[in-house]
Amino acid sequence: MLMAVIVSGMALIAGIFGVGLGYRAIDEAGSGSASGGAAGAASTATVHLSEFAISPASVQVASGGTLAVHNDGVATHNVAIEGTDLISPMLGAGQTANLALTGLAPGTYTLICQVAGHADAGMRSTLVVTAGAGGTAAATGMEGMPGMTGTGGTARMTPAEMDAAMEKSIKAFPAKTQGVGGQELAPKVLADGTKQFELTSSIVKWEVEPGRVVDAWTYNGTVPGPTLRAEPGDKVQVVLHNQLPESTAIHFHGLTTPNAADGVTYITQPPIKSGETYTYSFVAQSTPAVGMYHSHHNAVTQVPDGLAGTFLIGHLPVPAGVTVAQEQIMMLNDSGAIGFSLNGKSFPATAPVVAKKGEWIQVHYLNEGVMAHPMHLHGMAQTVIAKDGFPLPQPYDADTINVAPGERYTVLVHATEVGTWAWHCHILSHAERADGMFGMVTALVVA
Ligand SMILES: [Cu+2]
């Protein structure tokens, strides 16, 4: 039955969005052979990223040239040219990328790192684009790289090219990628009834969207980590084997645990060093919980890079007359190696929610990123029944739910309207750009 719904939903998506063939990708428009630089400015210049600087403080490139970006730091960084849509991918330590400056008019620009707080911490420099180079971009290999914003620049896109790019991004949905995050992990039940969940933290290759494979920091190799579920009163153990190159710890966000199991290094426990194993023990609270588990050690890097999962206890009460047909988790992230994503995937690799007309869907939004995300569903109301796992005495309807970092909202959607409905973060720069949709976008398919 469920498979039938999914299959018919996929068919519907294919029918509505069509199949991604027969377009010319705008991404390829900027490719070409390298041209000579103008006198006084090279066609390629290099900038180095570190904590927290972009050096040199001022760099000159001929118009139509290329900026080579080297991350010499230990954290994830990128480079964006302020006031334009020219943005390099997020780069891990030691990674490099070439940013084609195609379409960028001569002038003086500011380079910044877009990781929250990094520009203010000092990651700013000046880019001077000089006139006179041939205007043909160097072939950088970055054109068409998913996650690359606007290589080629909107200045070079005709309306027809923009339409084609949008069509391409939509027709690719739902795109196949390696790996699915957030799968429920069956506990091992010990002799005394304790539910024991075994987690291993390690760095794995994770495909965020087709072709964009990053070094993700994971629990059991997926982003999000496996979903853990217990019933009120259960004895719970979470065993963590740390195979990361640095220390970590797990905080159970939104669950009531003994202080010793709170998972904050140097407040309630020593760091779990690389190679060590640590066991958390607690009794699941008597009331339902919509919790998360995540690192609380170097969290600004470890959590956005993937060290987060969902921890559910029991079931929330729902209004009289409602039968929940499916429970969905939507974990939001916006930075680090993973970037703008739903459940560890960026559109078009996000998974649609597929429902039969008349069903009720329960959705838990959980924000493990560093920004707030107003999650907007087209076509049907979202009935908010719980905030941070606490049932609301008076549920309310909304079409946009603003989910701040650390927050969880649980909503019910009555799938009354047939069709494919866009479902996305309404901070538009998290969802859509000149070359189509990306990031925090999925769809509700009602068949
Ligand atoms: Cu957002």
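The values are calculated or read from the model by the stated rules, or taken from the named source; none is laboratory data. Not measured: the values here are computed from a predicted model. Cβ sites come from the backbone with ideal geometry, for glycine too, and all protein chains shown count toward neighbours.
Would you check which residues across the range 413-423 are surrounded by 21 or more Cβ atoms within 10 Å (Cβ to Cβ) and either of a type in the set (Asp, Glu) or in contact (Cβ under 8 Å) with a residue 60 or more places away in the chain (or both) and list them? Answer for the range 413-423, where residues must be surrounded by 21 or more Cβ atoms within 10 Å (Cβ to Cβ) and either of a type in the set (Asp, Glu) or in contact (Cβ under 8 Å) with a residue 60 or more places away in the chain (or both): Ala415, Thr420, Trp423.
Would a scan of the range 369-376 turn up a residue that is in contact with a helix residue (DSSP H, G or I) (Cβ under 7 Å, 6 or more places away or on another chain) and away from the ligand (no atom under 11 Å from the Cβ)? Within the range 369-376, not a single residue is in contact with a helix residue (DSSP H, G or I) (Cβ under 7 Å, 6 or more places away or on another chain) and away from the ligand (no atom under 11 Å from the Cβ). Going residue by residue through the range 81-93, is there one that turns out to be over 30 Å from Ala172 (Cβ atoms) and either modelled with pLDDT of 85 or more or surrounded by 20 or more Cβ atoms within 10 Å (Cβ to Cβ) (or both)? No, the range 81-93 has no match at all. The condition (being more than 22 Å from Pro174 (Cα to Cα), in contact with a Pro (Cβ under 7 Å, 6 or more places away or on another chain), more than 16 Å from the ligand (Cβ to nearest atom) and not assigned by TED's automatic domain parsing to the domain that holds Val445) is satisfied by just one residue among Gly389, Gly309: Gly309.
When the residues of the range 315-342 are filtered to those that are of a type in the set (A, V, I, L, M) and away from the ligand (no atom under 16 Å from the Cβ), the one that is surrounded by the fewest Cβ atoms within 10 Å (Cβ to Cβ) is Ala320. Scan the range 224-261 for residues that are of a type outside the set (S, T, N, Q) and not in a loop (DSSP other than H, G, I, E, B) and the total you get is 15.
Only strands (runs of 3 or more DSSP E) whose full extent lies in the range 326-398 are considered here, and the ones with at least 1 residues that are more than 26 Å from Ser429 (Cα to Cα) and either over 11 Å from the mean Cα position of the chain (by Cα) or among the acidic types (Asp, Glu) (or both) are 353-355, 360-367, 382-387, 390-398.
Does the range 110-117 contain at least one residue that is part of a strand (DSSP E or B) and in contact with a Leu (Cβ under 9 Å, 6 or more places away or on another chain)? Yes, because at least one residue in the range 110-117 is part of a strand (DSSP E or B) and in contact with a Leu (Cβ under 9 Å, 6 or more places away or on another chain). Every listed requirement among (1) in contact (Cβ under 8 Å) with a residue 60 or more places away in the chain; (2) away from the ligand (no atom under 16 Å from the Cβ); (3) crowded, with 20+ Cβ neighbours inside 10 Å; (4) within 21 Å of Thr323 (Cα to Cα) is met by Ala443 save one, (4).
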